[in-house]
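Report on one structure; see the data block that follows.
No value in this document is a laboratory result; all are computed from the given coordinates. The model shown is predicted, which means the values in this text are computed figures rather than measured ones. When we count neighbours, we look across all protein chains shown, and the Cβ atoms used for this are built from the backbone with ideal geometry, even at glycine.
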Amino acid sequence: MPKKEKQGVVISDKMEKTVVVKVASYDPHPKYKKIIESNKNYKAHDEKNECGVGDVVRIIESKPISGSKRWVVESIVEKAK
């Protein structure tokens, strides 16, 4: 089975080798069919500490790295301005 991939925005880089990534998903409401945005935060491992707040990054699933980290930053899609 392939590893899951997600893309999101870095909202915190204050920890050593860890970033918090906000991933948005868009789904229609079951009854009213309006598109609703729901956000989820993931802690991802950033080995070189190269991500900053506002960067758009791609994260992939990995084995557990710590108590709450199960994702790794694969690449930086777009740097923050």
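Between LYS31 and ILE11, the contour length at 0.36 nm per residue exceeds the alpha carbon distance by 4.0 nm.
Under a no-solvent Debye model with one identical scatterer per Cα of the chain, what's log10 I(q)/I(0) at q = 0.10, 0.13, 0.17, 0.24 Å⁻¹? Here log10 of I(q) over I(0) equals -0.26, -0.42, -0.66, -1.08.
Roughly how many whole Å is it from the C-alpha centroid of segment 1-54 to that of segment 56-81? One Cα centre to the other: 9 Å. Per-residue 3J(HN,Hα) values for segment 9-14, derived from phi via the Karplus relation 6.51 cos²θ - 1.76 cosθ + 1.60 with θ = phi - 60°, read 10, 6, 10, 8, 9, 7 Hz in sequence order (x marks Gly and Pro).
Eigenvalues of the Cα gyration tensor times 5, then square-rooted: what semi-axes does that give for segment 1-43, in whole angstrom, largest first? List each step's numbers first, then the result.
Details: eigenvalues 146, 41, 7 Å².
With the √(5λ) rule applied to segment 1-43, the semi-axes are 27, 14, 6 Å.
Take every Cα pair under 8 Å in the chain that's 6+ residues apart, average their separations, divide by the length, and report that relative contact order as a whole percent.
Once divided by the residue count of the chain, the mean separation gives 30 percent.
Just to be sure I follow the definition: excluding the sites themselves, where is the longest run in the chain that has none of the GluC sites (Glu not before Pro) in a DSSP loop with at most 11 other Cβ atoms within 10 Å? Between exposed loop sites, the widest span is 48-81. Taking chymotrypsin sites (Phe, Trp or Tyr not before Pro) across segment 1-74, the ones in a DSSP loop with at most 15 further Cβ atoms lying within 10 angstrom of their Cβ are TYR32.
May I ask what percent, to the nearest 5, of DSSP beta bridges between residues of segment 5-78 are antiparallel?
On the way: 26 of 28 bridges.
Just about 95 percent of them are antiparallel.
A cut-off of 5 Å between modelled amide H atoms, ignoring neighbours fewer than 5 places along the same chain, links SER12 with VAL20.
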